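To keep things clear, I will list the structure first and then write my remarks on it.
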Amino acid sequence: MAIGILYLFLTFVICFILVHLVRLAYLGFKSVKKKPEPPKEKEKPAPEPKPKKPEPVYYIVEKKRAKKSYSAPKEIQFKD
């Protein structure tokens, strides 16, 4: 019985180590494949456009009612 538990433990440890070695090898090969980009000539960056401010979102909240059914939700359209 004890030898079976030992074999089970050793199998788990070996598999654990192998899985992590394969993952590390994959990451290593992946990082070696990537070639660093050559430095580009210094250019003046184009002026960045001002980010548009997102429109505020408004919700219509109905007061609590004693009814069980409610009207369809109301939609608000903004002019562009």
Here the residues of the range 1-18 lying in the modelled label zone of Leu24, meaning backbone nitrogen under 16 Å from a point 7 Å along Cα-to-Cβ, are 13-18
Extension gain from Cys15 to Glu62, taking 0.36 nm per residue of separation minus the Cα-Cα distance: 11.0 nm
Give me the lysines in straight-line cross-link reach of Lys40: C-alpha distance below 27 Å, same-chain residues under 8 apart excluded. Lys30, Lys50
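A short reminder: the numbers here are calculations on the coordinates, not readings from a lab. As the structure is a prediction and not an experimental result, all values here were calculated from the model. Here the Cβ is made from the backbone with ideal geometry for all residues, glycine too, and neighbour counts use every protein chain on show.
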